[in-house]
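> Starting off with a structure, shown below.
The values are calculated or read from the model by the stated rules, or taken from the named source; none is laboratory data. Note that the coordinates shown come from a computational prediction; the quantities given were computed from them, not determined experimentally. Cβ sites come from the backbone with ideal geometry, for glycine too, and all protein chains shown count toward neighbours. These accessible areas exclude ligands, DNA and RNA; they are computed on the full protein's heavy atoms, side chains included. Shrake-Rupley method; radii C 1.70, N 1.55, O 1.52, S 1.80 Å.
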Amino acid sequence: MRYFWSLFFIGVGLWGAQAVQVGEKYNDSGKCKACHSPIVKQWEDSWHAKSHYDNDEYFQKTIDYVARKNNRKSLNTIKIECAACHNPRISVTSTNAEYEALAALKADKDSAATKALQSDTISEGINCVVCHNIDQIHDSLPDSKRGIHRVSWMKSGVMSGPYADAKSPYHKVEPRDFMDTNPNQLCFVCHANDQSEEGHRFTNMQAEFKSGGKQCVDCHMGPRKQGVAATLRLANGQAHTRMVRSHGFVGAHSETMWQGALKVDARKGAQTLEVILSNPQPHALPSGFGSREILIEASYMSGAKVIKTEALSLTSKYLSKRDKPTIPHLADKTLSNISIPAQGSKTFSLPMAAGANSVNIVVSYRLVNDEVRGLLELKDPIWSKKMVIKKLSLKL
Ligand code: HEC
Ligand code: HEC
Ligand code: HEC
Ligand code: HEC
Ligand code: HEC
């Protein structure tokens with residue numbers, strides 16, 4: 001029997017993901033507000049809520065750039081590929097040669113693919129009915145099958161959640177382990193690995209993960225606290241008290257999460273300044289999406305005067321098939337990767353300044369390194385903002 005099912009699921013993998021329509025009553029977070037308004041507000045501030053093409057400049061310009069550099073695939077085909085994780089409720093999960101021919105002639109306006117990309121159902125990105133409508137996660141599939149290609153959905157109107165005894169007048173509920181005891185399985189549907197158009201794997205969070213007993217949700221949704229899952233009052237006039245987490249999914253875009261994310265030490269070497277970065281987190285830093293950057297900046301002082309500055313950028317650099325600098329999604333190889341491994345540490349050396357009697361060191365993080373910011377012409381200041389991890393002073 002088990003053999004039969006694994007064959008069946010490999011079959012699903014080969015034949016493409018099965019899209020299931022989301023009913024009007026459930027397709028956007030506004031429909032949940034009446035009873036889950038605190039959760040909806042937390043989620044709205046998260047980057048899961050910004051994962052659609054229209055709402056994240058970096059994502060949008062990456063897609064446009066990939067489409068410009070690729071003459072075999074149309075913009076819409078790239079958008080559909082990326083939707084697997086960024087917009088998994090899309091109703092079309094792949095395109096074919098016939099569609100490419102139509103797109104090349106700009107005659108695809110009425111096609112299912114174009115309509116699927118314009119649908120309101122996907123405009124919120126990773127919303128409630130992405131995570132809470134998942135029925136099963138098929139970990140027996142090859143590890144390159146991610147997002148929509150790795151899950152099957154419940155019927156519209158059924159919500160998977162952590163509680164076995166929940167009752168709601170608006171929707172049916174079904175408890176699932178990946179909402180309770182095994183939430184990493186849910187996060188790894190998308191935060192596992194990703195590869196470029198050339199098949200180069202530029203991020204592999206699942207492989208580098210060293211749990212140390214903590215789950216993703218412990219840090220990115222915060223600990224379970226007493227609260228309410230639904231604000232709806234029961235017959236006794238009170239809402240049901242529950243243990244709940246925050247839906248903030250705070251991460252790389254939030255300065256507060258970076259404070260102290262790495263341990264920083266410094267010492268004077270023979271001719272150098274040595275900066276030791278230790279990473280207590282269960283995944284590498286920088287991690288996740290490529291082109292993230294950690295900066296070490298040193299200001300050498302003589303008394304109160306800065307006499308020299310030195311900087312070191314820890315980031316990944318990517319080369320295209322033609323050995324030109326490129327973005328992760330077009331990379332043929334990674335030229336260098338100097339992130340700090342999970343629960344590991346690395347020492348970096350900076351040149352010393354003659355005549356300095358102290359040094360001020362700032363370690364910070366940037367979402368996009370100079371190279372990729374330049375290639376994509378990113379405008380929003382968030383991409384170049386330095387978020388401080390730690391400041392340190394050392395007598396020399
Ligand atoms: C009319 C009120 C109402 C609306 C609207 C509503 N819910 Fe609920 N929901 C509830 C109640 C009540 C519970 C049970 C709470 C409890 O038992 O603590 C619940 C529970 C849940 C749970 C937890 C289920 C479990 O088994 O752990 C999820 C997930 C959920 N709702 C998602 C949603 C989503 C997504 C929407 C919008 C599409 C939505 N709800 C709209 C009332 C509502
Ligand atoms: C990225 C996945 C994800 C998204 C998106 C998401 N949730 Fe959740 N949700 C979870 C996880 C994981 C839990 C279980 C948290 C825990 O351990 O208690 C949860 C728990 C809940 C619960 C039970 C209360 C609790 O904190 O355990 C409700 C109700 C709920 N979610 C509603 C919503 C609504 C409404 C939205 C949209 C605004 C939403 N969720 C979006 C992953 C998600
Ligand atoms: C359906 C795919 C999917 C699932 C499931 C998912 N994520 Fe995400 N997550 C994404 C994508 C895509 C982004 C990037 C969105 C963007 O920046 O536009 C993201 C971003 C994030 C970020 C970064 C936020 C920031 O400010 O940089 C964190 C943290 C995160 N997710 C945590 C989680 C956790 C924890 C879970 C499991 C409970 C989870 N995600 C489940 C796809 C997913
Ligand atoms: C012990 C706490 C902890 C756990 C557990 C944890 N993280 Fe993180 N994570 C952090 C910290 C701290 C950062 C760095 C600050 C930030 O980006 O929020 C981070 C960063 C991230 C980022 C942004 C990386 C980037 O530079 O783009 C993502 C995405 C992420 N984590 C996802 C996950 C996922 C998925 C899991 C589970 C497999 C997980 N984290 C487990 C603490 C944790
Ligand atoms: C396997 C799932 C998956 C696929 C497929 C995918 N992504 Fe992502 N993407 C993610 C996750 C998860 C994150 C968040 C990681 C992090 O913050 O470290 C992310 C983050 C990003 C970011 C950074 C956004 C930000 O706000 O910092 C960009 C840009 C991006 N993806 C572009 C793309 C493009 C373009 C495609 C299609 C060619 C694509 N992605 C396909 C999972 C995926």
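> What does the C-alpha gyration tensor say about the overall shape of segment 65-217? Classify as rounded when a/c is under 1.5, otherwise prolate if a/b is larger than b/c, or oblate.
Since a/c reaches 1.5 but b/c is at least a/b, the shape of segment 65-217 is classed as oblate.
> Given the -39500 (n - 2.57) contribution per DSSP H run of 4+ residues, what per-residue ellipticity at 222 nm results for the chain, rounded to the nearest 500 deg cm²/dmol?
Rounded to the nearest 500, the figure is -6500 deg cm²/dmol.
> Moving on. To two decimal places, what compactness ratio does the chain give when its Cα radius of gyration is scaled by 2.2 N^0.38 Å?
This ratio for the chain stands at 1.11.
> Follow-up question, since we're still on this one. What is the distance in Å between the Cα centroid of segment 372-396 and that of segment 107-183?
Each part's Cα centre sits 35 Å from the other's.
> Something else about it: Explain nothing, just the number: relative contact order of the chain, from Cα pairs under 8 Å at least 6 residues apart, as a whole percent.
Relative CO of the chain lands at 14 percent.
> PRE reach from N55 (point 7 Å along Cα→Cβ): which of segment 71-104 fall under 13 Å by backbone N?
Only 86-89 pass the distance filter.
> State the extension gain, in nm to one decimal, for the chain segment bounded by N182 and A239, taking 0.36 nm per residue of separation less the distance between their alpha-carbons.
Fully extending the segment from N182 to A239 adds 17.9 nm.
> Report, in whole Å, the centroid distance computed from the Cα atoms of segment 67-93 and segment 243-271.
The distance from the Cα centre of segment 67-93 to that of segment 243-271 comes to 33 Å.
> Rounded to the nearest 10 Å², what accessible area does K321 show when all protein chains are kept and the probe is 1.4 Å?
Looks like 140 Å² after rounding.
> Continuing with this model, one more query. Would you calculate the separation in nanometres between label points at S336 and K167, each defined as 7 Å from the Cα along the Cα-to-beta-carbon direction?
For the pair S336/K167, the computed spacing is 6.3 nm.
> Of N127, N87, N337, which is the most mobile in a GNM of the chain whose springs link Cα atoms less than 10 angstrom apart?
Its mean-square fluctuation being the largest, the pick is N337.
> Moving on. Rolling a 1.4 angstrom probe over the protein heavy atoms, how many square angstrom per residue are accessible across the chain?
About 52 Å² of surface per residue is accessible.
> Just to be sure I understand: with springs between alpha-carbon atoms less than 10 Å apart, which residue in F188, F202, F348 has the highest mean-square fluctuation in the Gaussian network model of the chain?
F348
> Then there's this: What nm distance separates the two modelled labels at E24 and K210, each placed 7 Å from Cα along Cα→Cβ?
5.4 nm
> Which percentage, to the nearest 5, of the DSSP beta bridges contained in the chain is antiparallel?
95 percent
> Hey, with R₀ at 45 Å, roughly what FRET efficiency would A34 and K73 work out to, going by the Cβ-Cβ distance, to 0.05?
My answer for the efficiency is 0.60.
> Also: Cut-off 18 Å, label point 7 angstrom out along Cα-to-Cβ of E198: give me the residues of segment 63-104 whose amide nitrogen falls inside.
Residues 63, 65-73 qualify, since their backbone N sits under 18 Å from the label point.
> Sticking with this one: In whole Å, what are the Cα extents of segment 255-395 along the three principal axes, biggest one first?
Reported extents, whole Å, longest axis first: 48, 31, 30.
> Here's another thing I want to ask about it. I want to verify a result. In a Gaussian network model of the chain, Cα cutoff 10 Å, which of these has the top mean-square fluctuation: G237, G212, G125?
In the Gaussian network model the winner is G237.
> Another question, if that's okay. For segment 255-395, what % of the accessible area comes from carbon and sulfur atoms, probe 1.4 Å?
52 percent
> At most 15 other Cβ atoms within 10 Å and a DSSP loop assignment: could you name the GluC sites (Glu not before Pro) in segment 195-228 that fit?
When the GluC sites (Glu not before Pro) of segment 195-228 are filtered for loop state and at most 15 Cβ neighbours within 10 Å, E198 remain.
> Once fully extended, how much extra length lies between T309 and D110, figured as 0.36 nm per residue of separation less the alpha-carbon to alpha-carbon distance?
65.8 nm
> Which net charge results for the neighbourhood of A331, defined as the other residues with beta-carbon distances under 15 angstrom from its beta-carbon, given Lys and Arg at +1 and Asp and Glu at -1?
Neighbour charge sum, excluding A331 itself: +2.
> Further, regarding this structure: Tell me, in nm to one decimal, what length is gained between D218 and E100 on full extension, where the rule is 0.36 nm per residue of separation less the Cα-Cα distance?
Between D218 and E100, full extension yields 38.1 nm more.
> Which residue, chosen from W47, H171, S358, occupies the Cα position most advanced towards the positive end of the dipole of the chain, where the dipole is computed from +1 (Lys, Arg) and -1 (Asp, Glu) charges on Cβ about the Cα centre?
With unit charges placed on the Cβ atoms, the residue in question is S358.
> Could you sort 55-68, 260-273 so that the peptide with the highest average Cβ count within 10 Å comes first and the rest follow in order?
Highest to lowest by the protection proxy: 55-68, 260-273.
> Continuing with this model, one more query. Using Cβ-Cβ distances only, list the Cys residues of the chain with no partner cysteine under 4.7 Å, sorted by number.
Lacking a cysteine Cβ partner under 4.7 Å: C32, C35, C82, C128, C131, C219.
> Just list whichever of K333/K391; K308/K386; K31/K61 have alpha carbons separated by over 24 Å in the model shown.
Listed pairs above 24 Å: K333/K391; K31/K61.
> Something else: With a 1.4 Å probe and every protein chain kept in, tell me what percent of the accessible surface of segment 2-244 is carbon plus sulfur.
54 percent
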